[in-house]
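The values are calculated or read from the model by the stated rules, or taken from the named source; none is laboratory data. This one's a predicted model, so the numbers in the text were calculated from it and none came from an experiment. Reconstructed Cβ throughout: ideal geometry from the backbone, glycine too, with neighbour counts over all protein chains shown.
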Amino acid sequence: MSQHTAHIEEHRDDEASKLGMWLFIFTELLLFGGLFLVYSIFRMQYPVEFRECSLELSVTIGAINTVVLLFSSMTVAMSMTAIQKNDMKKALLYIGVTLFCAAIFLVNKYFEWSGKFHHGLYPGSELMTHLDRGHHLYFSLYFFMTGLHALHIIIGMTLLFVCYFKVRKNTIHSQDYVLLENSALYWHLVDLIWIFLFPLMYLIS
Amino acid sequence: MSNVSANSEYVSYLDHQGKYKGIMSWIMATDHKRIALLYMYSIMTFFIIGVVLGIMMKLEMLTPGETIMKAKMYNSVFTLHGILMIFMVVIPGLSAVFGNFFLPIHIGAKDVSFPKLNRFSWWIFVVGSIMAVLSQVLKDGPPDTGWTFYAPYSTTTSSNVIMATAAAFVLGFSSILTGLNFIVTIHQLRAPGMKFFNMPLFPWALYATAWIQLLATPVIGITLLMLIAERAFHIGFFDPALGGDPLLFQHLFWIYSHPAVYVMMLPAMGVITEIIPTFCQRQIYGYKAVAVSSLAIAGVGFLVWGHHMYTSGMSDTARWFFSLLTFIVAVPSAIKVFNWITTMYKGSIDVKPPFLYALAFIFLFIIGGTTGLLLGSVATNVQVHDTSFVVAHFHYIIFGGMGFAFFAAIHYWLPKMYGKMYDFKMANIGLVINFIGFNLLYFPQFIIGIQGMPRRYFDYPAKFQPAQLVSSIGGFILVTGLIIMIYTLVKGARKGAPAPANPWRGSTLEWQIPSPPSVENFDEEPVIKENPYDYK
Amino acid sequence: MANNTTHTIEYQSLSKTLLILLFLTFVTISIASVQLGAFTLAVALLIACVKSFIVLSHFMHLKYESLLLRILVAMVFVLFALIVAITFIDYAFR
Ligand SMILES: [Cu+2]
């Protein structure tokens, strides 16, 4: 192997990796930002319809998912604390709990979506095209935004899975945990977006 | 273990033997210099295809009515020309090629922060490009929406819009990762003693550019996803029949695509800012003003997108507001032009091809910039909107600006990149022909644009015939010039005389190391000067 | 090792943060059923902003990061707010 690549690898720069992750989070924020912009314009144009539609969603499921995500955000932060304290057992436990919460979130989402699908309400469906304009736009936004968010949950879960096994194999440890730190940052991002999605989708009084 | 170490003899990055041999040593390269060359070869290929498409349009416009193609075909040709030239040539152009090569060297670093990510960026650039090509050959026929993909036409046409937008999405991802890499590199890898305000101005320009790439590209990404969903599921965001708003697509599209103009232009300005001090042997006038103006352009550039939408039914308040902001964003660009010209004053000017290209850039950029103000003001814009005046304006900016800056950059840095020198006389001949051809090609379009020649039409009334003829002839002259230029450069890079380490008496760090550089750029610790343009 | 620069946050402080976030969630939900008219959206957004500020500063360790990074994060949110505001100059006056 050339000294060139060897050089790059021996110079681990956690500060750089972390900054890189933050920059990536910025791009994710603006990705969702585009959708929030669309949301805000249509909500302004169809306030009544948006309220009517939000009544169709179950605040309970939304609230449970919010609590689950907030809780998982805490546990993933705790796994960081555990790693820093060199407590591998606790770190594994907290990553595991986070993954479990993520799974609960997805299961909830699954039931929520399949309920809608059951009533013939899904993107491109016969029913959707017969809804009036505001309702149609609301549900399009609902599926698009929560769908994209769920996709991010899955990406975050994959990252945390990798971290889980790396902690077990001891390749993530108290001296080298930037991968876990970055995955945790990503997980918080998912939480951050949900913090806005929840009131905007479920709580239009 | 290796043949490169602190005190052994130097091996250029082109001859260096790593883990991989032959073609794999390029495809698997993590060296920023090799990746830069990979980008350059891909981009030059797409550029040549784009030029061929351009010439096909010029042939079509030679006479009124159908000349060599039908209207539908013409739509596909200008769409592909736009997609290729914008997403695959000018947006990655300067930052992925010369940024990759010289950003680490300018700041005294051995590579970018994430070399493997850099390689990955190029890979997905290639994937995106292949998808763009596929959109042309798949069974539904090439897209005919123009590179802007405006709804509602793009949501209803039967052509391969989904593939083309997916290609743009992937190419955007490549652009984001390059930007991310550059920002981290500039923050983390500056050589000891190099503060932000000790950096040369090319890295400054790349830094501002990288922020735009990072923050604006996701917006087009999500917009293209919405467009795909609109076609696949009729989500209705852009469909008035379903309550949506086609104008919203234009907003989202230009929220990215106006800043994208600065992704092209800022590194171009950065290149010119490097070349002028070198060939005038003079400190750049107003270093800090030039550095900060890059950031100002990037910042304000985010807020002016609406000037592309004056005639599309936006509110009057928004129209004057965007017009005002557009005039403001012209100020930092003008600052740069003043500073370049003032730098030349009383300098000992060495008239070599890179400098001449820089002069050509300034000339063309001033024409492009001032006609841009004409378009930025609502009253005049309404008159010439969607005419060939607009076409002429943005070709003066993108080709006359970014394109000529790219030519300037390659003439400036080719001796460093290949360690060979090209023939000055041939380069100058190419330059003169390019300059004449360019102006003949695009200037007449300003005039017939004011007279009412619409853009994107394959036909025109007979009264525009003389101007169209001049324009087409200009196109052929320009192509001749490009052939001469590329021939000269390729011949120089392959068989030219060996170039010294510092052929132009430049003062930035790349001129302190051998030509071509070694794999690690700096075999000895570079000497960091407080002032990168320190000419006695 | 100098490479790990991240501040360690104690478990207790993390669970306290969670309690605050849960409380704010509770407030959001209960306020949604109260008729505040035009203020409902403003209050909901305000609470969401406070919550995300807490997540950013505590869970994401931003409180202990460099000033530069904090400025960059703020800049991204400001940029987004500006883009929304400017788009509304069109939609609000059409
Ligand atoms: Cu513009």
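Below is a table of values for the structure above.
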item: Where B:Gly474 falls short, out of the listed (1) surrounded by fewer than 21 Cβ atoms within 10 Å (Cβ to Cβ); (2) assigned to a helix (DSSP H, G or I); result: (1)
item: Residue match in region C:20-28 (condition: within 11 Å of chain B (Cβ to nearest Cβ) and either in contact with a helix residue (DSSP H, G or I) (Cβ under 6 Å, 6 or more places away or on another chain) or within 30 Å of B:Met314 (Cβ to Cβ) (or both)); result: no
item: Out of B:Phe279, B:Phe237, sole residue that is within 14 Å of chain A (Cβ to nearest Cβ), more than 16 Å from the ligand (Cβ to nearest atom) and either surrounded by 24 or more Cβ atoms within 10 Å (Cβ to Cβ) or part of a helix (DSSP H, G or I) (or both); result: B:Phe237
item: Single condition B:Arg455 does not satisfy, out of (1) within 30 Å of B:Gly65 (Cβ to Cβ); (2) charged (D, E, K, R); (3) loosely packed, with under 14 Cβ neighbours inside 10 Å; result: (3)
item: Unmet requirement for B:Lys139, which otherwise passes all of (1) crowded, with 17+ Cβ neighbours inside 10 Å; (2) modelled with pLDDT under 90; result: (1)
item: Single residue of region B:294-328 satisfying the filter (crowded, with 18+ Cβ neighbours inside 10 Å and not in a helix (DSSP H, G or I)) that is farthest from the ligand (Cβ to nearest atom); result: B:Met314
item: Subset of region B:488-530 [under 19 Å from B:Leu14 (Cα atoms) and of a type in the set (A, V, I, L, M)]; result: B:Leu489, B:Val490, B:Ala493, B:Ala497, B:Ala499, B:Ala501, B:Ile513, B:Val519
item: Condition met for B:Met88 (of a type outside the set (Lys, Arg), crowded, with 20+ Cβ neighbours inside 10 Å and in contact with a Leu (Cβ under 7 Å, 6 or more places away or on another chain)); result: yes
item: Boolean, B:Thr185 is modelled with pLDDT under 90 and either closer than 30 Å to B:Ala232 by Cα or of a type outside the set (D, E, K, R) (or both); result: no
item: Odd one out for B:Ile105, checked against (1) of a type in the set (Val, Ile, Thr); (2) more than 20 Å from the chain's Cα centre (by Cα); (3) more than 30 Å from B:Lys416 (Cα to Cα); (4) away from chain A (no Cβ under 14 Å); result: (3)
item: Residues satisfying the stated conditions in region C:35-61, i.e. surrounded by fewer than 18 Cβ atoms within 10 Å (Cβ to Cβ) and more than 12 Å from the chain's Cα centre (by Cα); result: C:Gln35, C:Leu36, C:Gly37, C:Ala38, C:Phe39, C:Ala42, C:Val43
item: Qualifying residue in region A:88-105 (condition: of a type in the set (Lys, Arg), in contact (Cβ under 8 Å) with a residue 40 or more places away in the chain and within 12 Å of another protein chain (Cβ to nearest Cβ)); result: no
item: Some residue of region B:221-230 being touching a Leu at 6+ places or on another chain (Cβ under 8 Å), more than 14 Å from A:Leu30 (Cα to Cα) and of a type in the set (Val, Ile, Thr); result: no
item: Meets criteria (buried (at least 18 other Cβ atoms within 10 Å of the Cβ) and in a helix (DSSP H, G or I)) for A:Phe198; result: yes
item: Residue in region B:246-256 that is more than 21 Å from C:Leu79 (Cα to Cα), more than 16 Å from the ligand (Cβ to nearest atom) and free of Cβ contacts under 8 Å to residues at least 24 places away in the same chain present; result: no
item: Region C:57-94: number of residues that are within 10 Å of chain B (Cβ to nearest Cβ) and aromatic (Phe, Trp, Tyr); result: 4
item: Helices (runs of 4 or more DSSP H) wholly inside region A:76-195 containing at least 2 residues that are surrounded by 15 or more Cβ atoms within 10 Å (Cβ to Cβ) and not hydrophobic (A, V, I, L, M, F, W, C); result: A:88-118, A:133-168
item: Matching option when the condition is within 16 Å of the ligand (Cβ to nearest atom), farther than 22 Å from A:Phe32 by Cα, of a type in the set (A, V, I, L, M) and in contact with a helix residue (DSSP H, G or I) (Cβ under 7 Å, 6 or more places away or on another chain), among B:Ala260, B:Ala268, B:Ala205, B:Ala216; result: B:Ala268
item: Conditions (1) modelled with pLDDT under 95; (2) facing chain C (nearest Cβ under 10 Å): number failed by A:Trp187; result: (1)
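A quick yes/no check of all residues on (1) within 13 Å of chain A (Cβ to nearest Cβ); (2) within 22 Å of B:Gly172 (Cα to Cα); (3) among the aliphatic types (A, V, I, L, M):
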residue: B:Trp26; (1), (2), (3): no, no, no
residue: B:Leu37; (1), (2), (3): no, yes, yes
residue: B:Lys58; (1), (2), (3): no, no, no
residue: B:Ala71; (1), (2), (3): no, no, yes
residue: B:Asn75; (1), (2), (3): no, no, no
residue: B:Leu94; (1), (2), (3): no, yes, yes
residue: B:Val97; (1), (2), (3): no, yes, yes
